[in-house]
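None of the figures in this text is laboratory data; all of them are computed from the coordinates on show. Predicted model, so just to flag it, every value in this text is computed and none were measured. Neighbour counts run over all protein chains shown; Cβ positions are idealised from the backbone, glycine included.
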Amino acid sequence: MPKNLVIVESPAKAKTIEKYLGADFKVLSSVGHIRKDTKIDPKHDFAVTYEIDPDHAKIVSELKKAVKSAKTVWLATDEDREGESISWHLSEVLNLPKNTHRITFHEITEPALEEAIKHPRTIDQFMVESQQARQSLDMLVGYDLSGVIRKKVPGAKSAGRVQSPAVKLVVEKEREIEKFDKTFNFKITGEFDNFTATAETTPDTAEEVKALFESLKDAKFTVTKIEKTESTKANPIPLTTAAMQIEASNKLGFSASTTMRAAQALYQAGLITYHRTDSLNLSNQAIASMANYIEKSFGKNYLKTRHFKTKSASAQEAHEAIRPTDITRNTAGKNDFEKKLYHLIWSRTLATQMANARIARTTISLTATKTFAFIAKGEIVIFDGFLKVYGKSKDTELPELKKGDVLTPNAIIAHQTFAKPPARYTEGSLVKKLEELGIGRPSTYAGILSAIQARNYVHKGEGEGRERKVIEIKLENHKITESKVPEKAGATKGKLLPTPIGELISDFLDKHFTDIVDYGFTADIEKQLDLIAEQKLGRVEMLKKFYGPFEKSVAASDNAERFNGAIKLGDDPKTKEPIYAKIGKNGGFIQLGDNEKETGKKPRFAPLPNDETIKTVTLEQALKQLTLPALPRSLGQAKDGTEIIAAAGPFGPYIKAGKYNIPIKDYDPYTISLKDAELIYQKKIDSIIADWGDIMIINGAYGPYIKGPGRRNNLRIGKDEDPKKITKEEAEKRLKNKKNTPTRRGKRGAKKARKSKKSTTK
């Protein structure tokens with residue numbers, strides 16, 4: 001065994017580092033956190049009970065053996081608070097001395113590693129306590145708050161300290177859009193021989209446009225002013241984590257989690273510097289390397305070196321911005337995601353050290369009457385500068401004209417233009433907003449966005465927009481014509497929209513847990529966590545200050561009414577009973593009649609019409625929906641005599657045929673016919689190779705598999721096996737062996753099967 005043992009977080013990182021350090025060093029990975037928080041005791045200074053993750057028991061055993069054989073141990077986990085916490089857990093579990101070497105490096109290169117080995121330190125306990133405080137807060141809020149909302153909000157699963165303000169942002173944006181006054185005016189453009197100009201006048205009505213066009217039927221346009229100016233276009237600043245996520249969203253269409261996965265792989269391969277940072281700093285060595293590359297590749301006139309300073313006071317988790325470790329490498333990565341992200345990082349970083357672009361702008365004013373004029377704008381790139389590698393350099397040229405020239409337009413067109421409502425958030429713009437508000441940290445943004453979508457509080461839109469007809473009035477050949485032209489509006493593709501359950505949760509928290517969703521309060525928590533890391537605030541002091549008021553809010557919420565967002569649409573003309581639009585655990589629905597507890601009579605339910613919400617559905621639509629048959633409904637009998645019933649459950653619509661519940665995602669349970677249902681049932685019967693009650697062998701979409709009792713208890717059968725030859729005993733044996741094998745999905749089973757070591761810390 002080599003003299004030195006280096007412990008890092010990931011196997012990929014371990015391989016990259018080991019090839020640089022030489023034969024005296026063995027590099028092993030902890031594969032992330034080896035322990036997890038299982039209990040926090042607010043009554044005893046928020047003492048935390050830790051438990052070794054069952055999936056890491058074997059890894060811990062291997063690390064302990066390696067520690068015994070090594071002369072020196074080096075803890076080389078990531079340089080942020082999360083990494084510091086992992087090093088502390090390793091130190092505790094492996095019984096390492098307090099003076100164990102702790103090293104950090106911003107990039108996985110030979111010089112960086114050599115420098116780190118020369119300057120080791122010990123574990124920063126204050127950074128560890130800051131991370132412990134964050135984890136404790138998230139667990140306390142998550143556990144207590146989740147219990148409350150599951151009781152009070154239908155469909156709610158859990159709530160988080162940082163995720164809840166993120167959901168609120170999306171909800172507030174949607175309500176801004178709902179309240180937006182959809183006014184319009186007419187934008188007028190003039191089409192000349194070689195260019196297009198825009199009118200300064202924007203009439204509000206079609207009548208005003210027609211009256212104006214009447215006065216312009218024989219008008220000539222005179223060039224009254226020509227302005228030429230030259231300006232510069234400033235190059236971009238280096239990439240922080242948030243900026244990288246925003247740019248990857250805008251330019252590549254990547255989600256935050258996709259961006260972070262690709263960045264993680266690039267970092268671990270030694271291709272980019274550490275990807276969780278809010279620093280703008282670039283090292284002198286990196287700037288010198290870029291300067292040399294720019295001068296050789298593009299010429300000295302493209303070079304303009306710059307140094308950047310981070311404005312954020314909390315930017316202390318990293319030392320540099322995200323950049324390539326070798327600027328001469330312009331392509332890198334194992335797959336398309338990594339390659340695209342690497343090129344974005346490479347070009348953006350290079351652009352920070354390049355000269356500004358120089359732009360020549362021309363503005364031409366053309367006047368027909370004292371009250372009507374056109375403006376034509378053109379732009380030509382004189383010197384592309386940083387645009388050579390990053391950005392667009394599209395020229396819009398105008399013809400050479402002089403003051404006094406007289407022109408006749410080929411056509412003048414007025415297009416009805418509706419005011420644009422506030423733009424919905426994309427993942428990138430939501431990250432930008434969270435960063436502006438000081439909510440979360442670079443390492444948490446991807447997790448926040450993933451969590452709120454996984455819980456079905458926010459979803460990504462897919463709509464291309466609805467077609468609408470707008471008025472277009474044209475003056476051409478001395479004639480005025482009016483027509484309706486189609487255009488699409490309201491596209492939601494790629495935009496974040498709140499679900500009905502997300503809106504309910506946000507409203508409930510806003511009413512009963514104001515601080516949790518208050519942006520300023522959440523940002524202040526982040527500042528307090530920074531103060532703990534800076535030794536200016538104690539962990540216990542900070543947690544006590546937060547938990548006291550929070551605990552009182554939890555207790556008070558017991559008296560809160562259950563939220564369902566009920567909107568009364570009116571009364572049923574026949575029964576005179578009230579009709580409501582409500583939200584339940586599966587989304588919106590129509591209800592005829594009051595609750596059974598109040599009236600003793602069971603209300604009637606119906607689904608919302610397609611593309612409608614509880615806010616947009618009308619009484620007329622609700623009455624039509626209530627004419628649909630009640631569920632579950634019998635469709636009749638299959639040819640084998642089995643009754644087929646259409647129903648809807650928590651996992652969507654399905655048909656019940658004997659003991660089988662078969663999903664019908666492409667059908668409506670209210671309208672599906674017996675013929676279609678029987679075909680689905682027969683397909684299910686045909687897919688069953690063996691049926692022993694709780695255990696079955698089924699031929700699925702991806703091949704044959706064994707289905708055991710319970711949900712997600714499936715086991716694939718090998719391609720070379722004949723599934724018909726597998727006996728019930730063999731199937732039972734395989735399922736039993738599968739349950740005893742810990743997997744990511746099977747942590748709970750492994751936890752019960754194995755006694756785990758626990759420790760408590762204050």
The Kirkwood hydrodynamic radius of segment 222-391, taken as the inverse of the mean 1/r over all distinct Cα pairs, in Å, comes to 17.8
Under the helix-only model (-39500 (n - 2.57) for each DSSP H run of 4 or more, divided by the residues of the chain), the mean residue ellipticity at 222 nm, to 500 deg cm²/dmol, is -11000 deg cm²/dmol
Given unit charges at Cβ for Lys, Arg (+) and Asp, Glu (-), the dipole magnitude of the chain about its Cα centre in debye, nearest 20, is 2480
As straight-line cross-link partners of Lys210, the qualifying aspartates and glutamates (C-alpha separation under 20 Å, not fewer than 8 residues apart within one chain) are Glu191, Glu200, Asp218, Glu472, Glu476, Glu482
In nm, the gap between the two label points placed 7 Å beyond Cα toward Cβ at Val406 and Lys64 is 9.9
A chain fully extended from Glu561 to His319 at 0.36 nm per residue, minus the present Cα-Cα distance, gains in nm 82.2 nm
Cross-link reach from Lys36 to lysines, straight Cα distance under 20 Å and at least 8 residues apart if same chain, gives Lys58, Lys64, Lys747, Lys751, Lys752, Lys755, Lys757, Lys758, Lys762
Per the 1/(1 + (r/R0)^6) rule, R0 = 56 Å and r from the Cβ atoms of Asn737 and Glu462, FRET efficiency to 0.05 is 0.85
The FRET efficiency for Asn99 and Thr305, from their Cβ-Cβ distance with R0 = 30 Å and rounded to 0.05, is 0.15
Note: segment 567-625 at 10 °C, 1.306 mPa s; Kirkwood Rh on alpha carbon pairs; Stokes-Einstein D in µm²/s works out to 138
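Extension gain Asn610-Lys36, at 0.36 nm per residue separation less the Cα-Cα distance, in nm?
202.2 nm
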Averaged over all viewing directions, the convex hull of the alpha carbons in the chain casts a projected area in nm² of 44.8
dims of segment 428-544, Cα set, principal axes, largest to smallest, nearest Å -> 79, 30, 25
Between Ser158 and Lys71, Cβ-based FRET efficiency (R0 45 Å, step 0.05) works out to 0.45
Answer in debye to the nearest 20: the dipole magnitude of segment 230-368 about its Cα centre, from +1 Lys/Arg and -1 Asp/Glu charges placed on Cβ, is 280
Note on segment 4-123: alpha-carbon gyration tensor, axes a ≥ b ≥ c; rule is a/c under 1.5 for rounded, else prolate if a/b larger than b/c, else oblate; result prolate
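Are any of the pairs Lys300/Lys394; Lys228/Lys420; Lys187/Lys377; Lys340/Lys388; Lys339/Lys392; Lys187/Lys220 more than 22 Å apart by Cα-Cα distance, and if so, which?
Check vs 22 Å cut-off fails for Lys300/Lys394; Lys228/Lys420.
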In this structure, among Lys665/Lys733; Lys511/Lys552; Lys639/Lys684; Lys3/Lys68, pairs with alpha-carbon gaps over 22 Å are Lys665/Lys733
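Kindly point out which whole DSSP H helices in the chain project their C-alpha atoms 24 angstrom or further along the helix axis while averaging a Kyte-Doolittle hydropathy of 0.0 or above.
Span-like helices here: none at all.
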Pseudo-spin-label distance Ala454 to Asp666, built 7 Å along Cα→Cβ, given in nm, is 3.1
Residue span Asp518 to Thr417: 0.36 nm per residue of separation minus Cα-Cα distance leaves a gain in nm of 32.7 nm
